[in-house]
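The values are calculated or read from the model by the stated rules, or taken from the named source; none is laboratory data. Fair warning: this is a prediction, and the values are worked out from it, not measured in the lab. No Cβ is skipped: glycine too gets one built from the backbone with ideal geometry, and neighbour counts run over all protein chains shown.
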Amino acid sequence: MKKIWIAAYIFVFCSIMTVVSYLYWDITLMKYCQTLSPAIKNIADIITRLGISIWYIVTSVILFLFFRYIYKNILNASRSLFVFLSLSLAGIFIDILKWIGGRYRPIELFNHGCSGFTYFKTSYELTSFPSGHAQTAFTLATALTILFPRWGIPLFVFAGTVSISRIILTSHYLSDVIAGAGVGILCTMAVKYFFNRKQIKLTGN
């Protein structure tokens, strides 16, 4: 029951902050980031690549197959499966939300003055909300923190840094990033709940 309340608090907090950011901060922050120096953007461009989900998904599949069928370590196989399912579920949910929202990316704000939602669109310029990179980073951080709690702080610093890089590069608004982070955390918690119900062990204790 306690974990359900935690999930509810996270959902409410991220929802409120997403709306507040959309109404008051998004456009101002984008215009500021547009003026940042090329050196800062070059660093952000390197960091942002750490939010590409395919590398983590493929790695988790390889690790699952290795631990399940070669090394015969059920615990690590379950952990790998947990990471894979968390990333996959969150990624699917993000894609659905992107399609439903159809939000203009910041480039459309600069080029055509558009920043709102058009709904049910799939082109790149209309899939800003939520941020897939932020979702990937926070899904991974949440999943690995569940598995290895002592690494929680650096993992979430990593996730936050990747998410900020999306804003610096003017690829996403702040509200996109907040929503993506929320989806990543909540989907991972949902997968953990499923593992608990199935009594699949994820820790060595």
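Just to be sure, is LEU87 assigned to a helix (DSSP H, G or I), at pLDDT 95 or above and touching a Phe, Trp or Tyr at 6+ places or on another chain (Cβ under 9 Å)? Against the criterion (assigned to a helix (DSSP H, G or I), at pLDDT 95 or above and touching a Phe, Trp or Tyr at 6+ places or on another chain (Cβ under 9 Å)), LEU87 qualifies.
Looking across ARG166, ARG105, one residue alone is in contact with a Phe, Trp or Tyr (Cβ under 8 Å, 6 or more places away or on another chain), of a type outside the set (Gly, Ala, Ser) and under 15 Å from MET30 (Cα atoms). It is ARG105. Considering the conditions (1) under 15 Å from the mean Cα position of the chain (by Cα); (2) over 29 Å from THR59 (Cβ atoms), SER86 is excluded by exactly one of them, (2).
All conditions but one from (1) surrounded by fewer than 17 Cβ atoms within 10 Å (Cβ to Cβ); (2) among the basic types (Lys, Arg); (3) assigned to a loop (DSSP other than H, G, I, E, B) apply to ARG68; the one that does not is (3). Can you find even one residue in region 137-152 that is farther than 27 Å from LEU75 by Cβ, over 8 Å from the mean Cα position of the chain (by Cα) and among the small types (Gly, Ala, Ser)? Scanning region 137-152 turns up no residue that is farther than 27 Å from LEU75 by Cβ, over 8 Å from the mean Cα position of the chain (by Cα) and among the small types (Gly, Ala, Ser).
Look at region 175-204: where a residue is under 11 Å from ALA143 (Cβ atoms) and a partner is part of a helix (DSSP H, G or I) and of a type in the set (Lys, Arg), sitting 6+ places away or on another chain with Cβ atoms under 6 Å, you get LEU202/ARG79.
For the condition in a helix (DSSP H, G or I), hydroxyl-bearing (Ser, Thr, Tyr) and on the phi < 0 side of the Ramachandran plot, THR35 does not qualify.
Taking (1) out of contact with any strand residue (DSSP E or B) (no Cβ under 8 Å at 6 or more places or on another chain); (2) at negative phi; (3) not polar (S, T, N, Q) in turn, PHE120 satisfies each apart from (2). Residues of region 98-119 include none that is hydroxyl-bearing (Ser, Thr, Tyr), free of Cβ contacts under 8 Å to residues at least 24 places away in the same chain and closer than 25 Å to LEU50 by Cβ. Of all positions in region 51-62, at least one carries a residue that is touching a residue at least 60 places away in the same chain (Cβ under 8 Å), under 24 Å from PHE148 (Cα atoms) and not in a helix (DSSP H, G or I).
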